[in-house]
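Here's the structure, in structure tokens; my notes come after.
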Amino acid sequence: MSVAACADLVQRGDPDRFRAVMAAPQHARAQLFPLYAFNLEIARAPWVTQEVLIAEMRLQWWRDVVENAASGAAKAHEVAGPLHDLIRDFGLPVAALDRLIAARRWDIHREPHADLPALQDYLEDTGAGLMWLAARTLGAPDAAEPAVRAHGWATAAAGYLRAVPELRARGRQPLPAGTATEDLARMGLERLATARAGRKSVPAEVAPALLAGWQAEPLLKRALAGEGPPLELPEVQRRGRLLWQAVTGRW
């Protein structure tokens, strides 16, 4: 039950976010690693078993953990314990955490998203919600929420487009009927523009929470141009963009 254990989980299961946290100032890592480890736990819960009921139970366990954070009942768990500390110390909105978990129920089942708004809601509750929670742990004011959420949505859209081939290989239908990858990429770039229009509302100390989106813009542009799969950036470009964003604080 430590930040180090959470960091190890993120390094093994979510290497891109691990890189983003390691590029952040050291003082921010104690907040970001537990949150990202929690996100990893719920993101992979639907995929570690073929049994729908077991997957549902795993997600429900996390919903109970979040709901009862004040009790400290799961203090000994390597991720739930540090997550409880974040909720208590930074007043993380439990409703946003719960929506993040609940949205992952879609990953359990094989039905496609009902329509484009349903997919948009999924990205809002997962990606936008996660980035806002990360920003809150770093002291983001309420006024920053629209810009941070827009950036998180764009980041989630880019990640989702990267995952489309794998989702299809696993028998999922990731895009609603009538929706092309270019449509989602265009919406992601529009959200990114919205985020940047509200940049002044986001204090500089919150910038490390947005490092997770360092690849979003070029990935979305590639998807819009019809590139991929795989939808990936060259390693040199990946390293360069992360370094630039970490040094300048611009996103």
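The values are calculated or read from the model by the stated rules, or taken from the named source; none is laboratory data. Computed from a predicted structure; not experimentally measured. Glycine also receives a Cβ, built like all others from the backbone with ideal geometry; neighbour counts cover every protein chain displayed.
Yes/no per residue for (1) surrounded by fewer than 24 Cβ atoms within 10 Å (Cβ to Cβ); (2) part of a loop (DSSP other than H, G, I, E, B); (3) on the phi > 0 side of the Ramachandran plot; (4) charged (D, E, K, R):
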residue	(1), (2), (3), (4)
ALA135	no, no, no, no
ALA156	no, no, no, no
LEU161	no, no, no, no
PRO165	yes, no, no, no
LEU175	yes, yes, no, no
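Residues of region 192-216 that are within 17 Å of GLY127 (Cβ to Cβ), among the polar types (S, T, N, Q) and in a helix (DSSP H, G or I): THR194 alone.
Considering the conditions (1) farther than 28 Å from GLU232 by Cβ; (2) acidic (Asp, Glu); (3) crowded, with 16+ Cβ neighbours inside 10 Å, ASP107 is excluded by exactly one of them, (1).
Looking only at region 105-154, residues that are without any contact (Cβ under 8 Å) to a residue 24 or more places away in the chain and either more than 24 Å from ARG168 (Cα to Cα) or polar (S, T, N, Q) (or both) come to 2 in all.
Here is a yes/no grid of residues against (1) more than 22 Å from ARG104 (Cβ to Cβ); (2) of a type in the set (A, V, I, L, M); (3) out of contact with any Asp or Glu (no Cβ under 6 Å at 6 or more places or on another chain):
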{"site": "LEU119", "(1), (2), (3)": "no, yes, yes"}
{"site": "ALA135", "(1), (2), (3)": "no, yes, yes"}
{"site": "ARG149", "(1), (2), (3)": "no, no, yes"}
{"site": "ALA163", "(1), (2), (3)": "no, yes, yes"}
{"site": "GLY198", "(1), (2), (3)": "yes, no, yes"}
{"site": "ALA223", "(1), (2), (3)": "yes, yes, yes"}
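Number of residues in region 223-251 that are touching a residue at least 12 places away in the same chain (Cβ under 8 Å) and in a helix (DSSP H, G or I): the value is 9. Residues in region 93-126 that are within 21 Å of ALA177 (Cβ to Cβ), in a helix (DSSP H, G or I) and not small (Gly, Ala, Ser): ARG105, TRP106, ASP107, LEU116, PRO117, LEU119, GLN120, ASP121, TYR122, LEU123, GLU124. Quick one: is LEU119 out of contact with any His (no Cβ under 8 Å at 6 or more places or on another chain), at pLDDT 95 or above and hydrophobic (A, V, I, L, M, F, W, C)? Here the answer is no, as LEU119 does not meet what is asked. Condition check for LEU86 on (1) in the same structural domain as GLY188 (by TED's automatic domain parsing); (2) in contact with a Pro (Cβ under 7 Å, 6 or more places away or on another chain): one failure, at (1). Listed by first and then second residue, the pairs linking a residue in region 192-207 that is in the same structural domain as LYS221 (by TED's automatic domain parsing) to a residue that is hydrophobic (A, V, I, L, M, F, W, C) and modelled with pLDDT under 95, with Cβ atoms under 8 Å apart and 6 or more places separating them unless they lie on different chains, are ALA195/TRP251; ARG196/TRP251; ARG199/TRP251; ALA207/TRP251. Looking at ALA147, is it in a helix (DSSP H, G or I), touching a Pro at 6+ places or on another chain (Cβ under 9 Å) and modelled with pLDDT of 95 or more? So ALA147 does not fit the description; no. The number of residues in region 1-49 that are assigned to a loop (DSSP other than H, G, I, E, B) and either acidic (Asp, Glu) or not assigned by TED's automatic domain parsing to the domain that holds ARG63 (or both) comes to 1. Do the conditions hold for GLU41, that is, is it of a type in the set (Asp, Glu) and surrounded by fewer than 17 Cβ atoms within 10 Å (Cβ to Cβ)? Against the criterion (of a type in the set (Asp, Glu) and surrounded by fewer than 17 Cβ atoms within 10 Å (Cβ to Cβ)), GLU41 does not qualify.
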